[in-house]
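Colleague: Okay, here's the structure, questions in a sec.
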Amino acid sequence: MDLRDGIGHGIGREQEQGERQHRPEATTLAPPAATPVPFGILHPRPAMPKRDFLNIRDFSRAELLALLDLAARMKRGDYEERPLEGKSVALIFAKSSTRTRVSFEVGVRQLGGHPVFLSARDIQLGRGEPIRDMARVLSRYVDAIMIRTFAQADVEELARYASVPVINGLTDFSHPCQILADLLTAREAFGGMDGRVAAWVGDGNNMCHSWIEAAGALGFELRVAAPEGYDPDPAVVAAARQATTVTLVRSPAEAVAGAHVVNTDVWASMGQEAEQQVRERAFAGFIVDDALMRRAAPDAIFLHCLPAHRGEEVAESVLEGPQSRVWDQAENRLHAQKALLAMLTG
Ligand code: CP
Ligand code: NVA
């Protein structure tokens with residue numbers, strides 16, 4: 001199966017043709033003028049519109065499942081292709097990272113490519129160079145761009161002006177790469193999310209949004225328990241509810257009852273450090289501890305994107321306990337993102 005089948009067709013973000021043309025590739029292949037050249041050799045196949053991965057909803061159910069299949073194949077060592085051979089991927093970070101940075105750097109290398117780490121502080125972006133200018137310049141050098149930053153609108157602008165695929169490595173709004181790894185981890189535990197129930201306990205944040213989008217895309221039930229004032233974006237919930245059941249409750253026990261995946265995250269995300277104390281008060285009672293896990297399905301797994309704050313959102317005994325899959329989940333960032341890169345750039 002060509003994994004690019006179905007990729008690049010009909011995904012609904014507006015095309016800006018002038019900005020999005022693929023770069024010419026075949027000029028050095030030009031033969032002597034007298035030699036007749038069949039169409040298709042001198043001119044490579046028409047460039048397909050590039051694809052970005054800015055949110056889980058950018059991929060259909062079929063595409064997500066194909067990506068997870070490929071990631072599983074890569075994980076078991078049944079993949080020897082090097083789709084990034086001779087290619088470079090820019091990795092832009094305006095926020096801290098351990099997992100995202102290392103898994104992308106290593107993943108790009110394993111696919112034959114060259115990762116270019118860029119701290120937003122050190123490039124001209126940090127001195128106010130417009131994103132649309134950086135997008136067009138980087139597109140002349142690299143074959144894909146991954147960015148971790150604050151505003152989702154900045155990632156959308158980058159994607160609009162770049163002629164190469166753009167990947168969201170976390171914004172305040174969403175963290176789709178992490179959810180690919182989470183879904184791969186659930187696939188390892190249950191074969192997939194079909195017929196399973198996921199619970200989100202905590203902030204209605206970037207991670208929560210991407211889980212809601214995953215529920216909508218794949219059609220599994222999701223229950224979110226967040227304190228008042230920390231609900232997820234109603235538009236994200238409404239969109240997913242067109243395809244599946246998303247329940248918002250105030251009680252972690254209610255959300256977790258019988259659930260197969262129990263998921264949480266820090267109470268104060270990157271950029272919200274000043275709110276730590278206010279949030280600690282608001283989230284009192286939202287710790288995932290052994291008592292809460294006992295309410296879940298007997299074979300339930302616990303997920304946390306990490307970094308974790310032991311004793312705040314999760315008890316040490318749960319994080320390190322038999323139902324925890326957090327280390328597999330972290331490893332799966334590598335496999336899931338390699339599959340993503342292969343599908344977007346291969
Ligand atoms: N889960 C995650 O994205 O981790 P990092 O912040 O370390 O990249
Ligand atoms: N919600 C967290 C996730 C970290 C991977 C944050 O944005 O800081």
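The values are calculated or read from the model by the stated rules, or taken from the named source; none is laboratory data. Just so it is clear, the structure is predicted and the values come from calculations on it, not from any experiment. Here Cβ is always computed from backbone atoms with ideal geometry, including for glycine, and neighbour counts include all displayed protein chains. When the accessible area is computed, the model is the full protein with side chains, heavy atoms only, and any ligands, DNA or RNA have been set aside. Shrake-Rupley method; radii C 1.70, N 1.55, O 1.52, S 1.80 Å.
Colleague: Within the group Ala215, Ala159, Ala225, which residue is farther than 20 Å from Leu340 by Cα, away from ligand 1 (no atom under 16 Å from the Cβ) and either without any contact (Cβ under 8 Å) to a residue 12 or more places away in the chain or buried (at least 22 other Cβ atoms within 10 Å of the Cβ) (or both)?
Modeller: After ruling out the rest, the residue left standing is Ala225.
Colleague: It is to be established whether one or more residues within segment 176-186 are of a type in the set (Gly, Ala, Ser), over 23 Å from Ser251 (Cα atoms) and more than 10 Å from ligand 2 (Cβ to nearest atom).
Modeller: yes
Colleague: Which one is surrounded by the most Cβ atoms within 10 Å (Cβ to Cβ) among residues in segment 189-212 that are under 17 Å from Ala66 (Cβ atoms) and touching a residue at least 60 places away in the same chain (Cβ under 8 Å)?
Modeller: Met193
Colleague: Where residues in segment 307-323 are touching a helix residue (DSSP H, G or I) at 6+ places or on another chain (Cβ under 7 Å), under 24 Å from Gly191 (Cα atoms) and open to solvent by less than 20 Å² (accessible area, probe 1.4 Å), which of them is farthest from ligand 1 (Cβ to nearest atom)?
Modeller: Val318
Colleague: Further question on the same structure: Mind listing whichever residues of segment 243-277 are in contact with a strand residue (DSSP E or B) (Cβ under 7 Å, 6 or more places away or on another chain), open to solvent by less than 40 Å² (accessible area, probe 1.4 Å) and not in a loop (DSSP other than H, G, I, E, B)?
Modeller: Once the filter is applied, which keeps residues that are in contact with a strand residue (DSSP E or B) (Cβ under 7 Å, 6 or more places away or on another chain), open to solvent by less than 40 Å² (accessible area, probe 1.4 Å) and not in a loop (DSSP other than H, G, I, E, B), segment 243-277 yields Val246, Val249, Pro252, Ala255, Val256, Val261, Val262, Asn263, Thr264.
Colleague: Name every residue in segment 86-104 that is of a type outside the set (Gly, Ala, Ser) and either open to solvent by less than 40 Å² (accessible area, probe 1.4 Å) or closer than 15 Å to Asp143 by Cβ (or both), in order of residue number.
Modeller: Listed by number, the residues that qualify are Lys87, Val89, Leu91, Ile92, Phe93, Lys95, Thr100, Phe104.
Colleague: Can you tell me which condition Gln110 does not meet? The list is (1) closer than 29 Å to Asp78 by Cβ; (2) open to solvent by less than 30 Å² (accessible area, probe 1.4 Å), and all the others hold.
Modeller: It is condition (2) that Gln110 fails.
Colleague: Separate question: Could you say whether any residue in segment 305-316 is assigned to a helix (DSSP H, G or I), within 25 Å of Arg99 (Cα to Cα) and more than 23 Å from the chain's Cα centre (by Cα)?
Modeller: yes
Colleague: Could you count how many residues in segment 229-242 are within 16 Å of ligand 2 (Cβ to nearest atom) and not in a helix (DSSP H, G or I)?
Modeller: Total meeting the criteria: 4.
Colleague: Could you please let me know if Glu331 is under 18 Å from Leu170 (Cα atoms) and surrounded by fewer than 18 Cβ atoms within 10 Å (Cβ to Cβ)?
Modeller: So Glu331 passes the test.
Colleague: Looking at the structure I just gave you, is Gly195 assigned to a loop (DSSP other than H, G, I, E, B) and out of contact with any Asp or Glu (no Cβ under 6 Å at 6 or more places or on another chain)?
Modeller: It is true that Gly195 is assigned to a loop (DSSP other than H, G, I, E, B) and out of contact with any Asp or Glu (no Cβ under 6 Å at 6 or more places or on another chain).
Colleague: Go through segment 140-153 and give me each residue that's touching a residue at least 24 places away in the same chain (Cβ under 8 Å) and either surrounded by fewer than 24 Cβ atoms within 10 Å (Cβ to Cβ) or within 16 Å of ligand 1 (Cβ to nearest atom) (or both).
Modeller: Arg140, Tyr141, Val142, Asp143, Met146, Ile147, Arg148, Thr149, Phe150, Gln152
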